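Colleague: Pasting in a structure now, in structure tokens, and then I'll have a few things to ask.
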Amino acid sequence: MAPVISQLRRGVLEFCVLALLRDGERYAFELVRTLSDVEGMVTSEGTLYPLLARLRREGLVETTWRESPSGPPRRYYTLTARGEDVLGAFSVEWERFSRSVDGLLATGTTA
Amino acid sequence: MTTRTLHPLAEAYLDRLERAADHLPRGRRKELVADIETHLLEALRPNASEAEVRNVLDRLGDPDEIAQADQPRPTPASTATDGTEWATITLLLIGGFFAGIGWLLGVFLLWRSRVWTVRDKLIGTLLWPGGVAVSFVFLSSYLISGAEVCGPGECTDDGFDLAAIPIIAALLVPVGTAVYLARRAKHSSSS
């Protein structure tokens, strides 16, 4: 059971990151803490940084550094046009997928 | 880059991360460590207590896990038997038939592999060099010379029993070596 859930979580996590950026930029620490505070989403905050780096390499997000009022400069993440497309496509698929799974779990038949 | 110093525990954590990520390309390792360092500077106020530092580090998770999330380390657990081992064992066993080159290739693969220990490799190389091909050369020359010595009716039952020993050994030793290497490979990949 547990490995399935953690695989599912790992697969979905990057889209949750993209979703958090839909309404505007966020800096890394803010992103990480927001996701980490969602129930059952992240087991170790540190593993989000490699994920963010990958999204950047894949061109789904882009970053700019800006001074912070307190502490070190912050790296702000924004969604690229490509990131928006990917997020949109996933949202549609997820909607359909989760509805099907919910239906099956609830009734044991295909609605 | 840092304008203030981190708690020694946090510094030690960054060192561990740096080591855990030593399989990553340099640029990616530096970036990962810098990202985590920035995180620590955000999460920890100056003069944070040890308990606060430990909490932040716990939330970050194990440095190994973070580095593996970036890119799995190509472990010597690619000791996982992947077919190369079988090719190696087969070449050592019967590769000698291909003008001897096959056996030499087998030896090359054997010594390059991370699956076997040096002791295994020495056994695989030296116990019966050439594999079954050498057994055949050995046996045919033995049988020919045996036929010359053994005139009609001269070969008694006793003589035959004695003659059987090197024949059996010539077949058992290379096959036994192959079985031994196969078992060691299996043992190594499951541990």
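Derivation of every value follows stated rules applied to the coordinates shown; laboratory data play no part. Keep in mind that what you see is a predicted model, and the values were worked out from it rather than measured. Heads up, the Cβs are rebuilt from the backbone with ideal geometry, glycines too, and the neighbour counts pull from every protein chain shown.
Colleague: Step through the residues of region A:16-25 one at a time and calculate ³J(HN,Hα) from phi using the Karplus curve (6.51 cos²θ - 1.76 cosθ + 1.60, θ = phi - 60°), rounding each to whole Hz and writing x for Gly and Pro.
Modeller: Values per residue, Gly and Pro as x: 5, 4, 4, 4, 5, 9, 4, 9, x, 6 Hz.
Colleague: If amide H atoms are built 1.01 Å from N in the plane of the peptide, which residues on other chains or at least 5 residues away come under 5 Å of the amide H of A:Val42?
Modeller: Amide H to amide H, under 5 Å and 5 or more residues apart or across chains, A:Val42 pairs with nothing.
Colleague: Within region A:1-103, which trypsin sites (Lys or Arg not before Pro) sit in a loop by DSSP and count at most 14 neighbouring Cβ atoms inside 10 Å?
Modeller: A:Arg22
Colleague: With 20 Å bins from zero, work out the P(r) of the protein assembly as shown over every alpha carbon pair and list the percent per bin.
Modeller: Here the calculated profile for the protein assembly as shown is 24, 33, 25, 13, 5, 0.
Colleague: Something else about it: Any idea what the dipole of region B:15-66 comes to, in debye rounded to 20, about its Cα centre with Lys/Arg Cβ at +1 and Asp/Glu Cβ at -1?
Modeller: Its charge dipole is roughly 180 debye.
Colleague: Zone of A:Ser91 (label point 7 Å along Cα→Cβ, backbone N under 19 Å): which residues in region A:47-67?
Modeller: Counting backbone N atoms under 19 Å from the label point, the list is A:60-62.
Colleague: Something else now. At 0.36 nm per residue, minus the direct Cα-Cα distance, what do B:Leu14 and B:Ser141 gain on full extension? Give it in nm, one decimal, please.
Modeller: 39.0 nm
Colleague: Using Cα pairs under 8 angstrom and six or more residues apart, how large is the relative contact order of region B:6-90, in percent?
Modeller: 41
Colleague: List every residue whose amide H lies under 5 Å from the amide H of A:Arg26, counting only residues 5 or more places away in sequence or on a different chain, with H placed 1.01 Å from N in the peptide plane.
Modeller: A:Tyr77
Colleague: Explain nothing, just the number: dipole magnitude of the protein assembly as shown about its Cα centre with +1 on each Lys and Arg Cβ and -1 on each Asp and Glu Cβ, in debye rounded to the nearest 20.
Modeller: 580
Colleague: Continuing with this model, one more query. How big is the Rg/Rh ratio for region B:83-145, C-alpha atoms only, Rh by Kirkwood, two decimals?
Modeller: 1.05
Colleague: How big is the Cα convex hull of chain A in projection, averaged over all directions, in nm²?
Modeller: 8.4
Colleague: Considering the dipole of the protein assembly as shown built from charges on the beta carbon (Lys and Arg +1, Asp and Glu -1) around the Cα centre, which of A:Val32, B:Trp116, A:Gln7 is farthest to its positive end?
Modeller: My answer, from the dipole projection, is A:Val32.
Colleague: Provide the per-residue ³J(HN,Hα) series for region A:37-54, in order, calculated from phi with Karplus coefficients 6.51, -1.76, 1.60 and θ = phi - 60°, each as a whole number of Hz, with x at glycine and proline positions.
Modeller: 3J(HN,Hα) across region A:37-54, in whole Hz: 7, 6, 3, x, 8, 10, 9, 9, 4, x, 5, 6, 5, x, 5, 4, 4, 5.
Colleague: Here is a further query. Using the Kirkwood formula over every pair of different C-alpha atoms, what hydrodynamic radius in Å results for region B:1-117?
Modeller: 17.5
Colleague: Along the charge dipole of the protein assembly as shown, pointing to its positive end and built from +1/-1 on Cβ of Lys, Arg, Asp and Glu, which listed residue (A:Thr63, A:Thr43, B:Leu127) has its Cα farthest out?
Modeller: With unit charges placed on the Cβ atoms, the residue in question is A:Thr63.
Colleague: While we're here: Quick check: residue separation of B:Leu171 and B:Thr5 times 0.36 nm, minus the Cα distance between them. What number comes out in nm?
Modeller: 52.9 nm
Colleague: Give the long-range amide H neighbours of A:Ser68: residues separated by 5 or more places, or on another chain, with amide H under 5 Å away, using H modelled in the peptide plane at 1.01 Å from N.
Modeller: Amide H neighbours of A:Ser68: A:Arg74.
Colleague: Once you charge only the Cβ atoms, +1 for Lys and Arg and -1 for Asp and Glu, what is the size of the charge dipole of chain A about its Cα centre, to the nearest 20 debye?
Modeller: 280
Colleague: Can you run phi through the Karplus equation (6.51, -1.76, 1.60; θ = phi - 60°) for region B:129-138 and list ³J(HN,Hα) in whole Hz, with x for Gly and Pro?
Modeller: Those phi angles translate into x, x, x, 5, 4, 5, 4, 5, 4, 4 Hz.
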